[in-house]
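Below is one structure, written out as structure tokens; the observations come after it.
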Ligand SMILES: Nc1ncnc2c1ncn2[C@@H]1O[C@H](COP(=O)(O)OP(=O)(O)OP(=O)(O)O)[C@@H](O)[C@H]1O
């Protein structure tokens, strides 16, 4: 009969005590908890995810914090500096426009703020979580929970009603059917589309489609709304309506960050941050009252 071998093995995040591997069973202590099961890796990944979810974000801390953030694109032959040592803090409830000419680093910044990419050097803290050390799975998890995206091209699902489009993120988040239908309806009413719940994207104007996209971005109540050229495909009247909607959402407490190259669009925000050649050039408070020519 084969003799059982007992042993200790260091594993990521803890110690595994093996009884010699009868079947797939192993037991041990990991991350401070007793563990029995087959897949150590799966357990640790799940535990890390739970810890990430449970780790309290500091409600008094900033929502976004970039610390000495550098992004380098390594194209093999040459290295391109996309962002150069950016330090930036955006608080909860702010309405911020990010501006810059072509090639200034706006998309690079958006990709990092949206957890689609990680900094090469430095840190990006989203709601207190350092994204620099996250795995792609962890990035996607934090992205789904913390960010609602609004894109220039709306990105709605065609041949799917406005209601179903808004329900979709809640379906992924496993919100029960009745609850997600009710919330999608309320959100569409909130953006002024209560009469168009059953309309398909191709039965709506550009401005209405963008309203659906904004309702969808709000579906899982993310702390951050990130909008990338949200008025880029809209006429002037619809652009104004959309920016006014963002302003209302901000007044209701949402944190809204809009990337744009249009001064008129940026003027809706309370704070305007300008980029040039991968660097932060200016960061100014937008005094709406002064612009409107009001006097005390
Ligand atoms: N994948 C990449 N590989 C190499 N260099 C890149 C890559 N993406 C961006 N860059 C470079 O990084 C710098 C910043 O580009 P980025 O796309 O962030 O600018 P942008 O302000 O968004 O421009 P646009 O308004 O034209 O979209 C530019 O010099 C660009 O050439």
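Only one of the numbered conditions (1) under 16 Å from residue 154 (Cα atoms); (2) away from the ligand (no atom under 16 Å from the Cβ); (3) touching a residue at least 24 places away in the same chain (Cβ under 8 Å) is violated by residue 233, and that is (2).
Selection over segment 255-291 of residues that are more than 23 Å from residue 235 (Cα to Cα), at pLDDT 95 or above and away from the ligand (no atom under 16 Å from the Cβ) gives a count of 5. For segment 236-245, check the following and say yes or no: at least one residue is in contact with a helix residue (DSSP H, G or I) (Cβ under 9 Å, 6 or more places away or on another chain) and in a loop (DSSP other than H, G, I, E, B). Scanning segment 236-245, I find no residue that is in contact with a helix residue (DSSP H, G or I) (Cβ under 9 Å, 6 or more places away or on another chain) and in a loop (DSSP other than H, G, I, E, B), so the answer is no.
Suppose the filter is away from the ligand (no atom under 16 Å from the Cβ), within 19 Å of the chain's Cα centre (by Cα), buried (at least 21 other Cβ atoms within 10 Å of the Cβ) and in contact (Cβ under 8 Å) with a residue 12 or more places away in the chain; does residue 246 pass it? Yes. Going through segment 78-92 one residue at a time, which ones are closer than 11 Å to residue 119 by Cα and more than 9 Å from the ligand (Cβ to nearest atom)? Residues satisfying the conditions are 84, 85, 86. Among the residues making up segment 94-120, those that are more than 15 Å from the chain's Cα centre (by Cα) and on the phi > 0 side of the Ramachandran plot are 100, 103, 105. Applying a threshold of 7 Å to beta carbon distances and a minimum spacing of six or more residues, or different chains, the list of pairs starting in segment 49-77 at a residue that is within 28 Å of residue 254 (Cβ to Cβ) and within 16 Å of the ligand (Cβ to nearest atom) and ending at one that is part of a loop (DSSP other than H, G, I, E, B) and at pLDDT 75 or above reads 69/119; 71/119; 71/120. Criterion applied to 193, 188, 156, 163 was being over 18 Å from residue 224 (Cα atoms), at pLDDT 95 or above and under 18 Å from the mean Cα position of the chain (by Cα), and the one residue passing it is 156.
For segment 119-145, taking the residues that are crowded, with 18+ Cβ neighbours inside 10 Å and within 23 Å of residue 276 (Cα to Cα), the one that is farthest from the ligand (Cβ to nearest atom) is identified as 125.
The values are calculated or read from the model by the stated rules, or taken from the named source; none is laboratory data. The shown structure was predicted, so the numbers you read here are calculated from the model rather than taken from an experiment. When we count neighbours, we look across all protein chains shown, and the Cβ atoms used for this are built from the backbone with ideal geometry, even at glycine.
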